[in-house]
Amino acid sequence: MVTALFSSEYILIWAILLATALWMPLRHLIWVMSLRRRIRKKLPADEATQQRLKRRAGFTAALLALVFAIFYTDHLFRLLP
């Protein structure tokens, strides 16, 4: 039963789980970097701007995490016997 979960039939489920696990720390990292860049350029960083940057960071992080997770799980399941 448990070994069936590690078959290549469930590669998409594993990719989604990995992408979900990577999304939040990646979103926070991208958001902090973009916020610091904005502050360094001496541009206003009010609450509305921070929320806009956080939404953008969330979208970017979702794309990056999903693409990475798909490639990583594909590579990982290709190596399994």
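Quick check on this structure: which one of 65, 4, 45 is touching a residue at least 24 places away in the same chain (Cβ under 8 Å) and not acidic (Asp, Glu)?
One residue alone meets the criteria, 65.
Being more than 19 Å from residue 22 (Cβ to Cβ) and not basic (Lys, Arg) is the filter here, so list the residues in segment 49-81 that pass it. Before you say what the answer is, go through the steps one by one.
Going residue by residue through segment 49-81, those that are more than 19 Å from residue 22 (Cβ to Cβ) are 49-53, 78-81.
Correct list: 49, 50, 51, 53, 79, 80, 81.
Give the residue, chosen from 38, 55, 27, that is part of a helix (DSSP H, G or I) and open to solvent by 100 Å² or more (accessible area, probe 1.4 Å).
55
Tell me which residues, restricted to segment 1-24, are assigned to a loop (DSSP other than H, G, I, E, B) and either under 15 Å from the mean Cα position of the chain (by Cα) or not hydrophobic (A, V, I, L, M, F, W, C) (or both).
7
Going through segment 7-23 one residue at a time, which ones are over 15 Å from residue 70 (Cβ atoms) and either open to solvent by less than 80 Å² (accessible area, probe 1.4 Å) or touching a residue at least 24 places away in the same chain (Cβ under 8 Å) (or both)?
Once the filter is applied, which keeps residues that are over 15 Å from residue 70 (Cβ atoms) and either open to solvent by less than 80 Å² (accessible area, probe 1.4 Å) or touching a residue at least 24 places away in the same chain (Cβ under 8 Å) (or both), segment 7-23 yields only 7.
Go through (1) part of a helix (DSSP H, G or I); (2) surrounded by 14 or more Cβ atoms within 10 Å (Cβ to Cβ) and name the single condition residue 63 misses.
(2)
The values are calculated or read from the model by the stated rules, or taken from the named source; none is laboratory data. From a predicted model like this one, the values you see are computed outputs, not experimental measurements. Backbone-built Cβ (ideal geometry, glycine too); neighbour counts: all protein chains shown. To get the accessible areas, we keep the full protein, side chains included, count just its heavy atoms, and leave off ligands, DNA and RNA. Shrake-Rupley method; radii C 1.70, N 1.55, O 1.52, S 1.80 Å.
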